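Contents: one structure, followed by commentary.
The values are calculated or read from the model by the stated rules, or taken from the named source; none is laboratory data. Worth saying up front: this structure is predicted, and the values here are computed from it rather than measured. For neighbour counting, all protein chains shown are included, and Cβ atoms are generated from backbone atoms with ideal geometry for every residue, glycine included. Remember, those area values only see protein heavy atoms, side chains included, never the ligands or the DNA or RNA. Shrake-Rupley method; radii C 1.70, N 1.55, O 1.52, S 1.80 Å.
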Amino acid sequence: MSTASIEVEVPSQFPAETVFKVFNNFHDITPKVNPQVFKSIEILEGDGGVGTIRLFTFGDWDNLMGILDSINHHVKIVPSADGGCVFKQTIIYNCKGDEKPSAEVLNFEKELYEKTYKAIEAYAVAHPEAY
């Protein structure tokens, strides 16, 4: 099995606590803000915290489905001096066999995750009563 990874880093004007609370609802929000990519996300094990196992059902156009065995996400939300924070995510693609996604595909994936984070943040702004 081979692996490939990308690093996503997005600054936020919101405090780390708020971003954590919003991102903890990733499984509910993401299919609403990016349904063409994320059809659904279900929690299989855990309470949404560390070690939670989620089942992602991706859109039909996903270009990695033929070569992936699984994907691991590692998220850090780091407070910044201005009262905001930096959202950091490492995505590790565990591939079947020796095939890996191309640099072009990985760059597309990185941009996709950055846009998805920004859409999640915009959703939270539009629904302040929930966060």
Please enumerate the residues belonging to region 57-101 that are touching a Lys or Arg at 6+ places or on another chain (Cβ under 7 Å) and among the aromatic types (Phe, Trp, Tyr).
Phe58
Just to be sure before I move on: is Val33 farther than 23 Å from Ser102 by Cα, out of contact with any Pro (no Cβ under 9 Å at 6 or more places or on another chain), β-branched (Val, Ile, Thr) and free of Cβ contacts under 8 Å to residues at least 40 places away in the same chain in the structure I sent?
no
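Here is a yes/no grid of residues against (1) open to solvent by 80 Å² or more (accessible area, probe 1.4 Å); (2) part of a strand (DSSP E or B):
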site: Pro35; (1), (2): no, no
site: Asp47; (1), (2): yes, no
site: Ile77; (1), (2): no, yes
site: Thr90; (1), (2): no, yes
site: Tyr113; (1), (2): no, no
Being in contact with a Ser or Thr (Cβ under 6 Å, 6 or more places away or on another chain) and acidic (Asp, Glu): is that true of Asp98 here?
yes
Tally, over region 1-31, of residues that are assigned to a helix (DSSP H, G or I) and among the small types (Gly, Ala, Ser)
1
Can you confirm whether Ile41 is assigned to a strand (DSSP E or B) and open to solvent by 40 Å² or more (accessible area, probe 1.4 Å)?
no
Of the conditions (1) over 26 Å from Phe14 (Cβ atoms); (2) not in a strand (DSSP E or B), Leu55 fails just one. Which one is it?
(2)
Read through the list (1) under 25 Å from Gly84 (Cβ atoms); (2) under 12 Å from the mean Cα position of the chain (by Cα); (3) without any contact (Cβ under 8 Å) to a residue 24 or more places away in the chain, then give the number of the only condition that Asn24 fails.
(3)
